[in-house]
Amino acid sequence: MVIQRRRKNLVQHHLKKEESAKKSDEPVVKVEKAAAVKPKPPPTSKPTKPSAGPNREQDSMLSYHDFTVKYADLCEEFMTLSSLDQSRDFLIQHGVVLLQENASNYLLLASLEDEMNGFRDKMRLTARQSQIISNIAELAKTMKSHPGNVIIPFFKRLEEKEHFDGFMQGLNAFIENLIKRAIVKRKEMDEERALEEGVDLKDIPKEERLGPGGLDPVDVFESLPLSLQEAFESRDTENLKQALLAMEPGDAEYHMKRCVDCGLWNEG
């Protein structure tokens, strides 16, 4: 199942600040005139040419959806670069776009999508590019500098075995978590589709419907108190919360753990 990542708004929209152009109605205060000074003619300045390329301030205010519409192709191109030298040069040229939070989210979702679609090798490269951006952002915080200023220092560090091994260790951990998340996410989407299409989970082979904790969602659902069953069927979080509050804390914890282990509820 292909995720339409360009159509998902997983990041809250950044609202543009509206400029207030209200004129002051305060009365004019008279001041004593100072000695007359012949005013100098205003300096003549040449009209400034519009800067080429993306506008950093305007682009940082784009919503995730607008960002992907405008820069998805640039992100996709960066995701295909296998050479660290090419990645460095590309970031130096396009860092004003690729070092934004929206770009980081785009690459993260692209990594998840690649794994869910079975493109393991492509996922690994996309994940590496995603971690390059994330590590540059973290290094910038440490150095209290703009991310664009630490691109070269970051890649210089990767030339040292100690830093390169540390980067690869973090990347491998990121990939392992991504693979686990893809399994859970695919199951969630299949269950949602089954509910939307009216497919009975009982029609799915038991070994295929087992949750991350190895429990069967059908068995767990049938064992839930009626109030919890109705809450899950309503797909209303508030109903579920109220049903849990009405139970003994120990019972509520027991049932919710089983719901997590069977995939009826996602803790993340």
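Here are SER104, SER83, SER130: which of them is under 17 Å from the mean Cα position of the chain (by Cα) and surrounded by fewer than 20 Cβ atoms within 10 Å (Cβ to Cβ)? Don't jump to the end; show me each part of the working.
Working: SER83 fails: under 17 Å from the mean Cα position of the chain (by Cα); SER130 fails: surrounded by fewer than 20 Cβ atoms within 10 Å (Cβ to Cβ).
Only one candidate passes the filter, namely SER104.
From the set of residues in segment 242-268 that are charged (D, E, K, R) and outside any loop (DSSP other than H, G, I, E, B), which is farthest from the chain's Cα centre (by Cα)?
ASP251
So which of LEU81, LEU91, LEU107, LEU62 is assigned to a loop (DSSP other than H, G, I, E, B) and modelled with pLDDT of 95 or more?
LEU81
Of everything in segment 173-229, what is open to solvent by less than 50 Å² (accessible area, probe 1.4 Å), touching a Gly at 6+ places or on another chain (Cβ under 9 Å) and modelled with pLDDT under 85? Give them in sequence order.
Selection gives LYS187, GLU188, GLU191, ARG209, GLY211, GLY213, PRO217.
Touching a Ser or Thr at 6+ places or on another chain (Cβ under 9 Å) and β-branched (Val, Ile, Thr) - does that describe any residue in segment 156-179?
Yes, segment 156-179 has at least one match.
The values are calculated or read from the model by the stated rules, or taken from the named source; none is laboratory data. Quantities reported herein were computed from a predicted structural model and do not represent experimental measurements. So basically every Cβ, Gly included, is an ideal-geometry build from the backbone, and we count neighbours across all protein chains shown. Surface areas here come from the heavy atoms of the whole protein model, side chains and all, with no ligands, DNA or RNA. Shrake-Rupley method; radii C 1.70, N 1.55, O 1.52, S 1.80 Å.
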